[in-house]
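The next block holds one structure in the form of structure tokens; read it before the comments.
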Amino acid sequence: LGTDPSGNTATATRTVNVVDTTAPVISVTGTDPATHELGDAYTDAGATATDLSGSITVTTNGQVNADAVGSYVLTYVATDPSGNTATATRTVNVVDTTNPVVTVTGDNPATVELGTTYTDAGATATDASGTMTVVTTGTVDADTVGEYTLTYTSTDASGNAATATRTVNVVDTTNPVV
């Protein structure tokens, strides 16, 4: 308000618009990139956001398939009440560092009578990466008394290998025929 020497009064008005043009600040919680073991349930640590306008909700976009080796990206988005948006990302690498489990089927040790036919019961393998094959090495000479070792090996798609063995004893318990 102002008055001149003649007594005239004038007023002026100023309108001040307070606007928010600043995006929230997002902080990814936990490690980035994150390494996660194949087959284990994945729980994301998430992200937080701060903004002068108050509490901000963060939404997560993307998925991590914990049952498939690979690299996954999660995107975190925060929008304040004024429509300012910020994003951040986390890379999650699903890896397989676990050996398969090889299980010998049947008797171990196994015993076979000299001169008979030995049929191996084999072995099975399980792994988080899926169906596994088992390779058998070693032989059993059922015509020669002795101790033989069969080795069962399984290797998963990530190169993790496991082995198990079976001992086969060829014995002669049959009386000779006179």
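The values are calculated or read from the model by the stated rules, or taken from the named source; none is laboratory data. Quick caveat, the model's predicted, so the values are computed rather than measured. Cβ coordinates were reconstructed from backbone atoms using ideal geometry, including for glycine residues, and neighbour counts include every protein chain displayed. Accessible surface areas use protein heavy atoms only, side chains included; no ligands, DNA or RNA. Shrake-Rupley method; radii C 1.70, N 1.55, O 1.52, S 1.80 Å.
The table below lists the values:
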quantity: Output for the range 6-45, where each listed residue is open to solvent by 100 Å² or more (accessible area, probe 1.4 Å), in contact (Cβ under 8 Å) with a residue 60 or more places away in the chain and in a loop (DSSP other than H, G, I, E, B); calculated: 19, 21
quantity: Residue that is among the small types (Gly, Ala, Ser) and closer than 26 Å to residue 127 by Cβ, where the choices are 70, 83; calculated: 70
quantity: Matching residues in the range 46-55 - criterion: being within 24 Å of residue 68 (Cβ to Cβ) and assigned to a strand (DSSP E or B); calculated: 47
quantity: Residues of the range 123-173 satisfying the condition of being of a type outside the set (S, T, N, Q) and touching a residue at least 60 places away in the same chain (Cβ under 8 Å); calculated: 128, 156, 157, 161, 162, 164, 166, 171
quantity: Residue in the range 122-153 that is farthest from residue 97 (Cα to Cα), counting only those that are open to solvent by 50 Å² or more (accessible area, probe 1.4 Å) and aliphatic (A, V, I, L, M); calculated: 145
quantity: Number of the condition not met by residue 79 [criteria: (1) more than 30 Å from residue 22 (Cα to Cα); (2) surrounded by 15 or more Cβ atoms within 10 Å (Cβ to Cβ)]; calculated: (1)
quantity: Per-region count, the range 154-178, residues closer than 24 Å to residue 127 by Cα and surrounded by 18 or more Cβ atoms within 10 Å (Cβ to Cβ); calculated: 6
quantity: Subset of the range 54-70 [within 30 Å of residue 81 (Cα to Cα), of a type in the set (Gly, Ala, Ser) and open to solvent by less than 60 Å² (accessible area, probe 1.4 Å)]; calculated: 54, 62
quantity: Inter-residue pairs, beta-carbon under 8 Å, first more than 16 Å from residue 28 (Cα to Cα) and in the range 53-64, second part of a loop (DSSP other than H, G, I, E, B) and at pLDDT below 95, 6+ apart; calculated: 53/20; 53/80; 53/81; 53/82; 54/81
